[in-house]
1. Among the numbered conditions (1) within 16 Å of ASN544 (Cβ to Cβ); (2) not in a helix (DSSP H, G or I), tell me where MET490 comes up short.
2. Across the stretch 89-116, which residue is surrounded by the most Cβ atoms within 10 Å (Cβ to Cβ) among those that are of a type in the set (A, V, I, L, M) and under 16 Å from VAL59 (Cα atoms)?
3. Given the conditions (1) touching a residue at least 12 places away in the same chain (Cβ under 8 Å); (2) surrounded by fewer than 18 Cβ atoms within 10 Å (Cβ to Cβ); (3) in the same structural domain as ARG405 (by the TED database), which single one is not true for GLU229?
4. Within the stretch 14-42, track down each residue that is in a loop (DSSP other than H, G, I, E, B) and either of a type in the set (Phe, Trp, Tyr) or modelled with pLDDT under 95 (or both).
5. For the stretch 395-437, which positions are among the charged types (D, E, K, R), farther than 21 Å from ILE465 by Cβ and assigned to a loop (DSSP other than H, G, I, E, B)?
6. I'm checking my understanding of the structure. Among residues of the stretch 66-86 that are farther than 16 Å from TYR196 by Cβ and under 31 Å from the mean Cα position of the chain (by Cα), which one is surrounded by the most Cβ atoms within 10 Å (Cβ to Cβ)?
7. With the requirement that a residue be open to solvent by less than 70 Å² (accessible area, probe 1.4 Å) and either basic (Lys, Arg) or in contact with a Lys or Arg (Cβ under 7 Å, 6 or more places away or on another chain) (or both), what does the stretch 364-388 give you?
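The values are calculated or read from the model by the stated rules, or taken from the named source; none is laboratory data. Small disclaimer: the values here were computed from a predicted structure and weren't measured. Here the Cβ positions follow ideal geometry from the backbone for every residue, glycine too, while neighbour counts run over all protein chains shown. For accessibility, only protein heavy atoms count, side chains too; no ligands or nucleic acids. Shrake-Rupley method; radii C 1.70, N 1.55, O 1.52, S 1.80 Å.
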Amino acid sequence: IKEIKCLLINYYMSVCVICNSVEKKIYVNLNNTVPCVRLLNATHQIGCQSSLSGNVGVVHVLESEENLEWVLSSGPHPPYVVILDSPLFTRSVMMKLKNGSRRVAGIAVVAPNANPPEGFSPHTTCPNENTGVYSEDYDPIFAHCNITVWNPLGNGLSYEEFDFPIFSLKDDNETQVIRQCYLDHNRAANGTAPQYPLCAIELFSHMSAVTDTATCMRRNDINFSISPEIVCDPLGDYNVWASTRPLNNTAKGHKMWESVVIAAARLDSRSFFFDIAPGAESGVSGFITLLAAAHALRNATQQAPPNRTILYTLFQGETFDYIGSSRMVYDMQNNQFAVDLNNVHSFLEIGQLWLHSDQLSRKNTSVNDEVKKLIENLQSAAGRVGISVGEVGFSQPLPPSSFQRFLRAKPIPGVVIEDHQSAFTNRFYASMYDNAEYLNVSYPSNLTLEEQLEWVTDTAQVATIVAQALYKQAGGQDVEARGITADPKMVARMLYSFLIRSNNSWFQQLVPSELVTNRSTNFYVGVNQHSSEPTLLVQYLLANLTGSTVNVTQDNCQNQREDEDDKESKHVSFFFKDKGGGREGFCTRSTVRLSKALSPAFELRDYTSKEYSTWTESRWKPFKGRIFLVASHDLEMLTLGIGIGVLLTSLLLTYIISSKADMLFSSGREPTNATY
């Protein structure tokens, strides 16, 4: 019996090997692909998806917009999977393909190795239009971007719904295989249709959620089965915050005699494809400036502490209707944060060189006086480093910013520093091209990876301006403020680590090894089930830049207190192990903490909320794409017919042989009375 079992196992293993071998001969898998996914909010769904079994179409490489006629009407072998080079990834082309979706099985966009010369933004022209401070009730003149269209290049593609899959392909060997397959089998010659076999692609990106957030969350709550299926998850993550003076995080709500100046930046970004969100100018430049300013302020705030506490805050999910900032405001209003809104003295949001403020709140005399003082501090610091910082006129509203969510709750003195006076100067806002190249973060070709890390690509002047202004705004003296300077090498290291590769000797000493990679960081917010890569990177980095090193063992690191009387939860300690740098692990004590960046709509179960973000992300099966040669329909039918014929013939022969078995297999039998 054991021998028979072994023979059966060997047989099945050989069959599996043969099947895998045959599959590899038929299909070429596409490994470097990133899909567009489905997102939902209170009113509708956006994004892309395939059918349950995947979409299959004949490959057609689109050479020009005029060539669309072949796909949409004249091509004899629909449906097609259209291969687009980035210059053709425009709203005009995409909407024509969407409207002709019966003949379109999918789209594959070839991501270029260099940014296109013209601008491209798949976001809307008025980001976060309905969830900022400007509404019909607050100030109808500024509502819906009536005065300023902030993102004039926005084509809105990221907010369209496509009923076929759309993948991004790297311009590498796999893309060349597809192009060659198309040239060999699919390209029409002299106006004649290509002959079978044809090159085809299968794209699989089926989404589980449909309609809107209320529908998918209701489906999540259905518990008819032992293991209920979750079809969507709320977008969200964690905000990262720290304070120059320890705050009692155990007792939530208002702190008597406590006054804080919030210094804020956003952490997240997005693009049309969910896993490609470099966010270099829209996010990274701002929070790196804030981190560099926090590092520059560490010694000054310890040696000559200002009267007020500076609260460094990095918000997650701001791209999707201000998820992080709206949650912090909600927590402050409901005594679920370390301070409340009445503790907030003023607000500074970090961008670049233009100073934006809200003109309606400045009609309040006390608010206007504080805003003027903050602007004076910024302009004074800018003058010391030789930079001109301009103030936007009174006819200009605030640009899309986290500060708007605080103004919805209470008039707070504040300024938003941005790199534009009116409309965005970022030509690639919320796109995959908002990357290191666009920020001109580049390195001489003869440098090693470690030499690139140390190559200074930024002067850190903006970080110096922010640090000096924050110190004075918090009540510090001008004499001490003048000596605060941000480190250009620190800024250059952070730019390299976030925009080029986090796997470098500097990051290896500051963050856990499982977080470092050989690629740029993806700043898409993701779902709220766990902290994302950028959140954790910034958490550990801020702890090292603002905290202090304590010489204790790993076991004692988490039990660190400021002194014997420190009974409150004011510090968080992190132990960093040795990463091969020739030194032992070390314990860092800091005030860095995480707070929820999940929209209050999901706490309140108000899935149709007009006050808060309601964005969710559909769950999906594993993505895949593969190319193969497909035979003609006639040949497939002929093969099927022959197969059925062989089956019927074998069944008939089996029946005949079985019914005539006695005759066919009879042999001379010995008589029953035979004896030996």
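1. Single failed check for MET490: (2).
2. Applying the first criterion (of a type in the set (A, V, I, L, M)) to the stretch 89-116 yields 93-95, 97, 104-105, 107-111, 114.
Now narrow it down to the ones that are under 16 Å from VAL59 (Cα atoms): 97, 104-105, 107-110.
Numbers: LEU97: 23, VAL104: 24, ALA105: 24, ILE107: 26, ALA108: 23, VAL109: 22, VAL110: 20.
For the stretch 89-116, the residue satisfying everything is ILE107.
3. Here GLU229 clears every test but (3).
4. Within the stretch 14-42, the first condition is being in a loop (DSSP other than H, G, I, E, B), and the residues that meet it are 27, 31-32, 36-38, 41-42.
Residues satisfying the conditions are TYR27, ASN31, ASN32.
5. First, pick out the residues of the stretch 395-437 that are among the charged types (D, E, K, R): 405, 408, 410, 418-419, 427, 434, 437.
The next check asks that each one be farther than 21 Å from ILE465 by Cβ; those that pass are 405, 408, 410, 427, 434, 437.
If the condition is that a residue be among the charged types (D, E, K, R), farther than 21 Å from ILE465 by Cβ and assigned to a loop (DSSP other than H, G, I, E, B), then LYS410, ARG427, ASP434, GLU437 are the ones that fit.
6. So in the stretch 66-86, the residues farther than 16 Å from TYR196 by Cβ come out as 66-74, 81-86.
The next check asks that each one be under 31 Å from the mean Cα position of the chain (by Cα); those that pass are 81-86.
Working: VAL81: 27, VAL82: 30, ILE83: 22, LEU84: 19, ASP85: 16, SER86: 18.
Taking the candidates together, the pick is VAL82.
7. ASN368, VAL371, ASN377
Table: residues versus (1) assigned by the TED database to the domain that holds ASN342; (2) touching a residue at least 24 places away in the same chain (Cβ under 8 Å); (3) crowded, with 17+ Cβ neighbours inside 10 Å.
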position	(1), (2), (3)
GLY390	yes, yes, no
ALA423	yes, yes, no
SER431	yes, yes, yes
ALA436	yes, yes, yes
SER445	yes, no, no
THR457	yes, yes, yes
ALA467	yes, yes, yes
GLN473	yes, yes, yes
